[in-house]
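In what follows, a structure is listed as structure tokens, so that the remarks can point back to it.
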Amino acid sequence: MIYAGIDAGSRTVKAILLDGKELRVLASGIADQGIKQADLAESLLKDILKKAGINRKDVGKIIATGYGRNAIDFADTTITEITCHACGVHHWIPQARTVVDIGGQDSKVLRLEPDGGVRDFVMNDRCAAGTGRFLEVVAAKLEVSLNDLGGMAQRAKKASAISSMCVVFAETEIIGLLASGETPENIVAGVQMSITSRITSMAGRNITDPVVFTGGVALIPGMDKALESAINHKIIISPEPQMTGALGAAILAGREGLEHVSIIG
Amino acid sequence: MSGCCGKNNNIKEIDPCNPPNAGLSGLTGTDGSSVCELLVWFHEMVDHCYEYACAEKKKGRKLVGIMCEYTPRELIMAAGAIPVCLCGGSVEMIPAAEHDLPANLCPLIKSTYGYSVEKANPFMEMADLLVAETTCDGKKKMYELLAKRHPMHVLELPQKPNNPEAFEYWLYELRMLKKQLSERFRVKITDEAIRSAIVEMNTERRLRRDLAELMKSDSPPLTGRELLDMKSLISCLPVDLEQYEKALNTLPGRKILPKPDQRVRVLLTGVPLPHGAERVMDVIEGNGGLVVCQENCTGIKPVLEDVDPDAEDPLRALAKKYFHLPCSVMTENKGRLDSIRKLAGEYRAGCVIELIWQACITYDVESFHVRRLVEDEIHLPYLRIETDYSPSDSARIATRVQALFETVKHRIKR
Ligand code: SF4
Ligand code: SF4
């Protein structure tokens, strides 16, 4: 049987088709988020079905996850991104015990049970300062691309101190730093540090090795190093870090529906 | 009232069988008319209290506002007065309060004060006296401002529950309250009057305890929200006590929807949920949970212990019960941890959710111990929710609650 997972994140939508028996990814895709999330997700699903040469009728179950999961009306059910990320990461790296997920507009730290279940989690979805949004703002201000940021941070002499707790104010601060002659390289390093120290304070002392890094921000060069030095643990970047949520959703779709479990044991 | 529990969803006004504020369609079961009447009765709780307070005031009885479960209602009742809870649960009162109070303060404190500024709580306006208490810093300092607007007596609560000297001081404070009440209201407060108030309060505590215990069942006959709604602003209203009795007779066997066996049993602990501030409870129960036990001041905490009406010194007996209340303002507050441990077992909770009002320092810090206890000792999933009265973060809270329930189900499966 074939299963689909849709991760309707705040910045992008991801979809995965999975062979339920072999747990093999048949096709996957990603699209920028828009206003009509359901339509976007629908056409993305169509695309990957075509790519894999699969008929929609052969998809056994569709699970939606992510911030916009409830808008995906064609999904059979929804599961939170917390459970899905845990499941997706566990699939790729079964020994993972901590997951740091930094997405476009939120970030979270999950601690996993040995079987891939969630032990506990903390989540920041209130403020952009600990998320990928911060990097986008900086890249735009410095007129460089997101992919340049890693190299720039490496060339930094020292990381500028970014004191603002909020992206909007930090933007003003960056203009001030540039005006006072601070190099863009130092500013980039400062912003990376600011994001990762957010994650550190959110995670508290609850970090158990191995630590796996997921979410779109894991793809930005240099962020893994910045995170490593902030949390003082070695970091493994997850394979396809943007897809772990959708993958988890597809795997869970293949398992016997969680929702049918009787609660009274 | 007839037919209010049918499938008709167009009912305007209050239909407790389809609670509008909860926004949870089909949450409750299909009921016979007696159960339905009961739920309607408690849905109109504030109105009953208001009618009662007005009628009794006309007869010359005094009304005393209280804002904490440390305040012994019995003493007020023994003075012939009516104690009424004034804790604010409305978000709408907060802007007015923020003219005088810092924004970064517990919403319960701000809302209570805002009601006074807006003169929007008729009970507060009618009250002949407010009895306040030195519990948390925020309340204590807010009372100084509130005292400029209303006559007030402040009880000084010592905060080391195991210190015998502290207890003696608390007893002294109750004597001072007794003196204040009898001087202000020109009544003699006899031991007999205290004893009979104790008997009355014991009756109410027993009834509320028995109701709460209905939730121990595999198939609880109430939602947590419905049980919460049964708490009245004024204790021991004779009609309420009758309804409690009735509830105990009619509720067992009632079926609620969604079915309890498909919902996660939640022990809710932390801060109280005053009338109007039930949002988090609704989010929990609207996302697959069933709050089987509330270990907090609007739940079972204040009714767990009774007072011996035959004690040689009834005032001392009262002081003892109230001093035992395990609130986070106490140090150390081991009693609360013992209580959570016990209740989680008795009510067979599948997880523990702790609610903390924003800027509530004492419950916030104490959550360290609660998390440890729950995760490492009781081995249940734990979730801490920190929020205020504004509905803006309900979706965020829902995601966390759903994730918690997914974890609970995953563990059961394992
Ligand atoms: S939580 Fe503490 S301060 Fe608040 S009502 Fe209860 S006992 Fe009083
Ligand atoms: S919730 Fe906390 S801060 Fe608010 S009144 Fe109660 S003890 Fe004080």
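Can you tell which of B:VAL264, B:VAL307 is in contact with a strand residue (DSSP E or B) (Cβ under 9 Å, 6 or more places away or on another chain) and away from ligand 2 (no atom under 16 Å from the Cβ)?
Step by step, each of B:VAL264, B:VAL307 is checked, and only B:VAL264 is in contact with a strand residue (DSSP E or B) (Cβ under 9 Å, 6 or more places away or on another chain) and away from ligand 2 (no atom under 16 Å from the Cβ).
Among the residues of segment B:284-297, are any within 18 Å of B:THR362 (Cβ to Cβ), part of a loop (DSSP other than H, G, I, E, B), touching a residue at least 12 places away in the same chain (Cβ under 8 Å) and within 16 Å of ligand 1 (Cβ to nearest atom)?
Taking every residue of segment B:284-297 in turn, at least one turns out to be within 18 Å of B:THR362 (Cβ to Cβ), part of a loop (DSSP other than H, G, I, E, B), touching a residue at least 12 places away in the same chain (Cβ under 8 Å) and within 16 Å of ligand 1 (Cβ to nearest atom).
Filter segment B:103-122 for residues that are in a helix (DSSP H, G or I) and within 17 Å of the chain's Cα centre (by Cα); which is farthest from ligand 2 (Cβ to nearest atom)?
So the residue we want is B:SER111.
Within the set of pairs 6+ apart or on separate chains, which have a first residue in segment B:94-123 that is among the hydroxyl-bearing types (Ser, Thr, Tyr), a second that is away from ligand 2 (no atom under 14 Å from the Cβ) and assigned to a loop (DSSP other than H, G, I, E, B), and C-beta atoms under 6 Å apart?
Partner pairs satisfying both residue conditions: B:SER111/B:SER90; B:TYR115/B:ASN121; B:SER116/B:ARG149.
Taking the condition of being at the interface with chain A (Cβ under 7 Å from one of its Cβ atoms), over 16 Å from B:LEU290 (Cβ atoms) and either touching a helix residue (DSSP H, G or I) at 6+ places or on another chain (Cβ under 9 Å) or at pLDDT below 90 (or both), how many residues in segment B:396-405 meet it?
Selection size over segment B:396-405: 3.
Identify the single condition in (1) at pLDDT 90 or above; (2) surrounded by 19 or more Cβ atoms within 10 Å (Cβ to Cβ) that A:VAL138 does not satisfy, given that it satisfies every other one.
(1)
Just for segment B:214-237: of the residues that are part of a loop (DSSP other than H, G, I, E, B) and within 14 Å of chain A (Cβ to nearest Cβ), which one is nearest to B:VAL64 (Cα to Cα)?
Among residues in segment B:214-237 that are part of a loop (DSSP other than H, G, I, E, B) and within 14 Å of chain A (Cβ to nearest Cβ), the one nearest to B:VAL64 (Cα to Cα) is B:PRO220.
Would you be able to say whether some residue in segment B:360-374 is basic (Lys, Arg) and closer than 28 Å to B:ALA395 by Cβ?
Taking every residue of segment B:360-374 in turn, at least one turns out to be basic (Lys, Arg) and closer than 28 Å to B:ALA395 by Cβ.
So which of B:PRO314, B:PRO326 ends up being out of contact with any Phe, Trp or Tyr (no Cβ under 6 Å at 6 or more places or on another chain) and away from ligand 2 (no atom under 15 Å from the Cβ)?
Going through B:PRO314, B:PRO326 in turn, the sole match is B:PRO314.
Given (1) within 16 Å of ligand 1 (Cβ to nearest atom); (2) within 22 Å of B:ALA53 (Cβ to Cβ), identify the lone condition not met by B:THR134.
(2)
I want to confirm something. Restricting to segment B:238-272 and keeping residues that are among the hydrophobic types (A, V, I, L, M, F, W, C) and under 30 Å from B:ILE356 (Cα atoms), which single residue is farthest from the other protein chains (Cβ to nearest Cβ)?
Within segment B:238-272, the match that is farthest from the other protein chains (Cβ to nearest Cβ) is B:VAL271.
Does segment A:4-18 contain any residue that is over 30 Å from A:ASP209 (Cβ atoms), in contact (Cβ under 8 Å) with a residue 60 or more places away in the chain and within 14 Å of chain B (Cβ to nearest Cβ)?
Yes, the conditions are met somewhere in segment A:4-18.
Can you tell which of B:GLU165, B:GLU156 is away from chain A (no Cβ under 14 Å), over 23 Å from the mean Cα position of the chain (by Cα), free of Cβ contacts under 8 Å to residues at least 40 places away in the same chain and closer than 30 Å to B:GLU332 by Cα?
One residue alone meets the criteria, B:GLU165.
If we scan segment B:97-106, do we find a residue that is within 16 Å of ligand 1 (Cβ to nearest atom), over 27 Å from B:ARG186 (Cα atoms) and not basic (Lys, Arg)?
Taking segment B:97-106 and keeping what is within 16 Å of ligand 1 (Cβ to nearest atom), we get B:105-106.
So of that shortlist, the ones also over 27 Å from B:ARG186 (Cα atoms) come out as B:105-106.
Going one step further and asking which of them are not basic (Lys, Arg), we end up with B:105-106.
Looking for residues that are within 16 Å of ligand 1 (Cβ to nearest atom), over 27 Å from B:ARG186 (Cα atoms) and not basic (Lys, Arg), one finds at least one in segment B:97-106, hence yes.
Could you please let me know if A:VAL167 is in the same structural domain as A:MET123 (by TED's automatic domain parsing) and touching a Phe, Trp or Tyr at 6+ places or on another chain (Cβ under 6 Å)?
Considered against the rule, which asks whether it is in the same structural domain as A:MET123 (by TED's automatic domain parsing) and touching a Phe, Trp or Tyr at 6+ places or on another chain (Cβ under 6 Å), A:VAL167 comes out as yes.
Within the group A:THR78, A:THR65, A:THR83, which residue is within 14 Å of chain B (Cβ to nearest Cβ), in contact with a strand residue (DSSP E or B) (Cβ under 9 Å, 6 or more places away or on another chain), under 26 Å from B:GLN402 (Cα atoms) and free of Cβ contacts under 8 Å to residues at least 60 places away in the same chain?
A:THR78
Filter segment B:368-403 for residues that are more than 20 Å from A:ASP125 (Cβ to Cβ) and within 16 Å of ligand 1 (Cβ to nearest atom); which is nearest to the chain's Cα centre (by Cα)?
B:VAL370
Which of (1) within 13 Å of ligand 1 (Cβ to nearest atom); (2) assigned to a helix (DSSP H, G or I); (3) in contact with an Asp or Glu (Cβ under 9 Å, 6 or more places away or on another chain) is the odd one out, the single condition B:SER328 does not satisfy?
Evaluating B:SER328 over (1) within 13 Å of ligand 1 (Cβ to nearest atom); (2) assigned to a helix (DSSP H, G or I); (3) in contact with an Asp or Glu (Cβ under 9 Å, 6 or more places away or on another chain) leaves (2) as the failure.
Inspect segment A:59-66 for any residue being closer than 17 Å to A:GLY245 by Cβ, hydroxyl-bearing (Ser, Thr, Tyr) and not assigned by TED's automatic domain parsing to the domain that holds A:PRO210 and give the result as yes or no.
Yes, segment A:59-66 contains a residue that is closer than 17 Å to A:GLY245 by Cβ, hydroxyl-bearing (Ser, Thr, Tyr) and not assigned by TED's automatic domain parsing to the domain that holds A:PRO210.
The values are calculated or read from the model by the stated rules, or taken from the named source; none is laboratory data. These numbers were taken from a predicted model, which means no experiment stands behind them. Using ideal geometry, Cβ is built from the backbone for each residue, glycine included, and neighbour counts are taken over all protein chains shown.
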